[in-house]
Amino acid sequence: MAVTGALRVPYGFSCLVSMTTGGGKSLITQTVAYQEKGLTIVIVPTVSLMMDQYRNARDIIKSNVDDEIFYHHSESSLQKFYECLEKKTARILFVSPESLIKNKELRERIQKANSEKYLKNLVVDEAHIIIEWGSSFRIDFQCLDALRKNLLQDNKDIRTFLLSATYRDETIR
């Protein structure tokens, strides 16, 4: 039901999905990334979670994953991703908020893809921590909204998905 709902989110809109662990949030990420040609950026709070999601996506998606599914953390190279982004074969990039905000070349390449309307989706996994842990925790999480607004200036069709297993109504009060 949640996957179907996510697929129906109109371009330019945001969606909050709260599901239990193991409920299918990764399936939402993979499905929206392959709904149409384009790039989905998945912002993940920890390297271990990033690697789990990356391996899971590669195991499930039956296509040329070496040219489509990527991850980046401080010890990995982005060169292959840049090449595939230029060829418009890159479909998913798993990345930390720090890499997305602080890596100037990555940000510039994403902005170029966005201006070409190749960027389709932003997915924030474990989105509840942005609110629950406050503005002093990992400042780059707080910068994601400004980055998103900047991207929307060139491309009003970007969809944003906020995924959480622990979101509760009282989280935002």
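At an R0 of 41 angstrom, the distance between the Cβ atoms of ASN150 and LYS62 translates into a FRET efficiency of 0.75.
Solvent-accessible area of ARG109, all protein chains in place: 80 Å² (probe radius 1.4 Å, heavy atoms, ligands and nucleic acids excluded).
Pairs from the list LYS87/LYS112; LYS25/LYS117; LYS62/LYS156; LYS80/LYS112 with a Cα-Cα gap above 21 Å: LYS25/LYS117; LYS62/LYS156.
Loop-located chymotrypsin sites (Phe, Trp or Tyr not before Pro) in region 1-102 (DSSP state other than H, G, I, E, B) with a sparse environment of at most 14 neighbouring Cβ atoms within 10 Å: TYR11, PHE13.
The values are calculated or read from the model by the stated rules, or taken from the named source; none is laboratory data. Just so it is clear, the structure is predicted and the values come from calculations on it, not from any experiment. No Cβ is skipped: glycine too gets one built from the backbone with ideal geometry, and neighbour counts run over all protein chains shown. Surface accessibility is based on the protein's heavy atoms, side chains included, excluding ligands, DNA and RNA. Shrake-Rupley method; radii C 1.70, N 1.55, O 1.52, S 1.80 Å.
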